[in-house]
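Data first, discussion second: the structure below is written as structure tokens.
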């Protein structure tokens with residue numbers, strides 16, 4: 001058994017713990033609802049808020065906990081507070097830290113654990129919100145981790161109120177020695193800091209959730225809208241945080257103006273806002289209000305003599321129409337927001353029960369993905385890319401498929417969201433890279449010395465291990481020159497992990513690896529990416545190619561992308577070419593290469609080799625005889 005590490009700031013951490021008045025091990029009733037929601041939400045028999053003392057652990061709230069060893073040395077939560085994110089232990093019996101832990105081997109029979117740290121106002125870890133089961137779970141997804149973090153934020157908000165109460169009590173005891181007016185001023189300031197966002201003046205996350213709880217306690221209809229600013233991170237990166245803060249303040253003012261008299265607004269995250277609308281029972285009316293808010297946010301914003309435009313997406317849920325539970329109401333709105341952002345941005349969508357079914361399906365797929373990796377059910381197909389000027393084969397894009405034992409051959413649309421948000425994304429990405437490079441090496445030896453393989457990346461690959469070394473080692477393993485590999489990135493990857501991705505891509509480009517930007521023209525940060533990222537190729541999204549002959553707007557976008565590519569000395573590949581007039585028009589406009597059903601559908605390696613004469617002689621004869 002490995003004892004939990006002690007943080008370098010242990011003295012400061014214990015001091016912060018004492019400020020919350022929890023060192024006397026008294027439970028905190030306001031946290032009872034949090035642990036009950038956690039147990040119900042994840043279907044776990046045990047949930048608890050554990051506070052970590054100097055040598056022991058005590059419960060601030062719990063459900064389903066029996067008699068257990070409360071020493072810090074055996075505590076899983078004592079490990080969780082040393083981590084930044086959610087700590088998940090799928091099966092404690094196979095984890096070297098815990099396999100011989102008394103909580104695992106003894107009567108408690110702990111098998112599964114997930115815990116999210118609870119931080120003080122100055123960032124000191126006080127304890128953790130955890131869920132526990134006596135059975136292992138390999139299906140605790142990234143969505144589940146996000147929801148556990150949300151509940152942990154709720155617990156932290158209530159702990160912060162506890163700290164304010166303790167501070168007020170201590171100030172009251174000292175009031176005999178100081179002026180009463182000054183005390184009241186301090187108490188008012190403490191209340192403001194606990195309930196309102198310091199940048200915008202709007203209600204903060206904790207205050208907003210309490211407002212939702214209070215609204216649902218009354219017999220009136222309400223609606224909640226969660227609002228996310230699209231591409232805001234790019235504003236911070238290109239124009240600076242001072243400008244970004246100015247944008248957030250202006251958005252807050254517009255939100256307050258939009259909901260004045262009908263609701264309240266809050267800032268619940270970096271670029272995330274929320275509104276509570278009173279008396280709104282009709283989904284169409286809720287969407288109408290949210291769309292008007294989106295339109296108002298979308299109007300140009302003047303900050304430091306710069307005119308800036310941002311877009312907003314909104315997800316809505318209504319009570320009592322959809323639920324009367326505050327956590328479910330916000331969760332429903334979050335699911336609607338996820339759908340709104342996954343399509344054309346700037347939309348306002350209301351929750352539908354099918355969204356929860358989709359989320360459940362993603363979770364189910366998340367569990368099955370573990371089996372798929374173990375049983376090698378994933379495979380690659382290859383879509384040819386040609387030079388438009390003469391039709392010569394230049395390369396292929398490797399595309400993943402899932403040969404599901406009961407559902408048949410699945411395309412990425414069915415499982416990619418679950419894969420990307422789960423813990424196996426990096427492992428599957430490594431397999432795709434290795435498999436595609438092995439195939440490229442074989443085809444280069446059998447006919448095409450200049451063949452180029454395009455490989456799509458997962459964001460997780462940039463967060464696990466040394467991705468640059470992995471790519472170079474894979475190329476060396478298969479005897480491929482760096483220029484034979486082209487890594488395809490999307491805007492979502494670079495916006496989520498901007499600095500990390502940029503550094504690693506620059507190193508790979510310095511070694512000669514190609515970098516393509518996929519789905520170009522569909523996002524908000526495309527122009528800045530051209531300036532900052534070491535790109536070699538732009539892939540024109542199929543939506544523009546498909547409409548370029550009937551829509552002047554789409555045609556204008558295609559021409560603009562080709563002009564930008566030429567200005568930045570970048571090659572171009574047009575995706576989704578299905579008709580000869582599209583190919584001919586792209587060639588006239590100066591597009592270098594293309595792919596699509598007109599050229600060839602994604603196909604298995606033997607079929608690809610047969611069509612393009614890439615198989616060795618013995619294999620060709622065998623194919624011909626089949």
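The values are calculated or read from the model by the stated rules, or taken from the named source; none is laboratory data. This one's a predicted model, so the numbers in the text were calculated from it and none came from an experiment. Note that each Cβ is placed from the backbone with ideal geometry, even for glycine, and that neighbours are counted across all protein chains shown.
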Which condition breaks for residue 436 when tested against (1) within 30 Å of residue 579 (Cα to Cα); (2) part of a helix (DSSP H, G or I); (3) under 25 Å from the mean Cα position of the chain (by Cα); (4) in contact (Cβ under 8 Å) with a residue 40 or more places away in the chain? (3)
Among the residues of region 461-488, what is the count of those that are on the phi > 0 side of the Ramachandran plot and at pLDDT 95 or above? 0
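Condition first: more than 23 Å from residue 157 (Cα to Cα) and touching a residue at least 60 places away in the same chain (Cβ under 8 Å). Can you find one or more residues in region 264-273 that meet it? Break it down into steps so the answer makes sense when it comes.
Keep residues of region 264-273 that are more than 23 Å from residue 157 (Cα to Cα), which gives none.
So far as region 264-273 goes, no, none of its residues is more than 23 Å from residue 157 (Cα to Cα) and touching a residue at least 60 places away in the same chain (Cβ under 8 Å).
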Report the residue count in region 565-614 for those that are within 30 Å of the chain's Cα centre (by Cα) and in a helix (DSSP H, G or I). 1
Check region 46-57 and report whether any residue there is at pLDDT below 90, farther than 28 Å from residue 210 by Cα and part of a helix (DSSP H, G or I). no
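Hey, any hits in region 117-129 for a residue that's touching a residue at least 12 places away in the same chain (Cβ under 8 Å), farther than 14 Å from residue 4 by Cβ, loosely packed, with under 15 Cβ neighbours inside 10 Å and in the same structural domain as residue 154 (by TED's automatic domain parsing)?
Keep residues of region 117-129 that are touching a residue at least 12 places away in the same chain (Cβ under 8 Å), which gives 117-122, 124-129.
Add one more test, that the residue is farther than 14 Å from residue 4 by Cβ, and what stays is 118-122, 124, 126, 129.
Among the residues that remain, those that are also loosely packed, with under 15 Cβ neighbours inside 10 Å are: 122.
Pick out the ones that are also in the same structural domain as residue 154 (by TED's automatic domain parsing) and you get 122.
Checked region 117-129: at least one residue is touching a residue at least 12 places away in the same chain (Cβ under 8 Å), farther than 14 Å from residue 4 by Cβ, loosely packed, with under 15 Cβ neighbours inside 10 Å and in the same structural domain as residue 154 (by TED's automatic domain parsing).
Taking the options 255, 239, 202, 276, name whichever one is in contact (Cβ under 8 Å) with a residue 12 or more places away in the chain, surrounded by 18 or more Cβ atoms within 10 Å (Cβ to Cβ) and under 30 Å from residue 529 (Cβ atoms).
Values: 239 fails: surrounded by 18 or more Cβ atoms within 10 Å (Cβ to Cβ); 202 fails: under 30 Å from residue 529 (Cβ atoms); 276 fails: under 30 Å from residue 529 (Cβ atoms).
One residue alone meets the criteria, 255.
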Test: residue 3 is more than 23 Å from residue 331 (Cα to Cα), touching a residue at least 24 places away in the same chain (Cβ under 8 Å) and outside the structural domain of residue 143 (by TED's automatic domain parsing): yes
Say whether the condition of being outside any helix (DSSP H, G or I), within 23 Å of residue 356 (Cα to Cα) and at pLDDT 85 or above is met by at least one residue in region 289-307. no
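Yes or no, residue by residue, for (1) within 27 Å of residue 102 (Cα to Cα); (2) outside any helix (DSSP H, G or I); (3) out of contact with any strand residue (DSSP E or B) (no Cβ under 9 Å at 6 or more places or on another chain); (4) modelled with pLDDT under 85:
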| residue | (1), (2), (3), (4) |
| --- | --- |
| 2 | yes, yes, yes, yes |
| 7 | yes, yes, no, yes |
| 25 | yes, yes, no, yes |
| 38 | yes, no, no, no |
May I ask you to list the residues in region 266-276 that are under 13 Å from residue 315 (Cβ atoms) and at pLDDT 90 or above? 273, 274, 275
